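Participant: Got a structure for you, written out below as structure tokens; questions coming shortly.
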Amino acid sequence: MIPRLVPITDIKRQPGKILDELRQDRELMVITEHGKAAGVLMDVASYEAMARRAQIMDALNEGERDIAEGRVHSWEEIKAELATWRR
């Protein structure tokens, strides 16, 4: 997918139209200024999904670091810990 290039002047002239297109198409828009990429616009739903994926990846990376550094527990240790919570 190639993002749509949108000059900053288009956003200044027709911000409502640009936002409507963004919500409808749900595709990234690269904002250009003087012909060069200056920023990125995306719809809220896409942003929230991307942020959630980033959180999941961070958690997975933390888990992998824990395993690599030996911060793990056996299933028996976990069961014993959970049993104390029920009391």
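Participant: Checking residue 16 against (1) part of a loop (DSSP other than H, G, I, E, B); (2) loosely packed, with under 10 Cβ neighbours inside 10 Å: exactly one of these is not met. Which one?
Facilitator: Single failed check for residue 16: (1).
To keep it simple, each residue is scored yes or no on (1) within 17 Å of the chain's Cα centre (by Cα); (2) aromatic (Phe, Trp, Tyr); (3) modelled with pLDDT under 95.
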position	(1), (2), (3)
9	no, no, no
14	no, no, no
29	yes, no, no
39	yes, no, no
57	yes, no, no
84	no, no, yes
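Participant: Let me ask something additional. Looking only at residues in region 12-44 that are free of Cβ contacts under 8 Å to residues at least 24 places away in the same chain and of a type in the set (S, T, N, Q), which one is farthest from residue 1 (Cα to Cα)?
Facilitator: Here the answer is 14.
Participant: May I ask you to list the residues in region 45-87 that are under 30 Å from residue 8 (Cβ atoms) and without any contact (Cβ under 8 Å) to a residue 12 or more places away in the chain?
Facilitator: 47, 48, 49, 50, 51, 52, 53, 54, listed by residue number.
Participant: Please verify whether residue 53 is surrounded by fewer than 11 Cβ atoms within 10 Å (Cβ to Cβ), part of a helix (DSSP H, G or I) and among the basic types (Lys, Arg), treating the condition exactly as stated.
Facilitator: Criteria met by residue 53.
The values are calculated or read from the model by the stated rules, or taken from the named source; none is laboratory data. All values reported here derive from a predicted model rather than from experimental measurement. For neighbour counting, all protein chains shown are included, and Cβ atoms are generated from backbone atoms with ideal geometry for every residue, glycine included.
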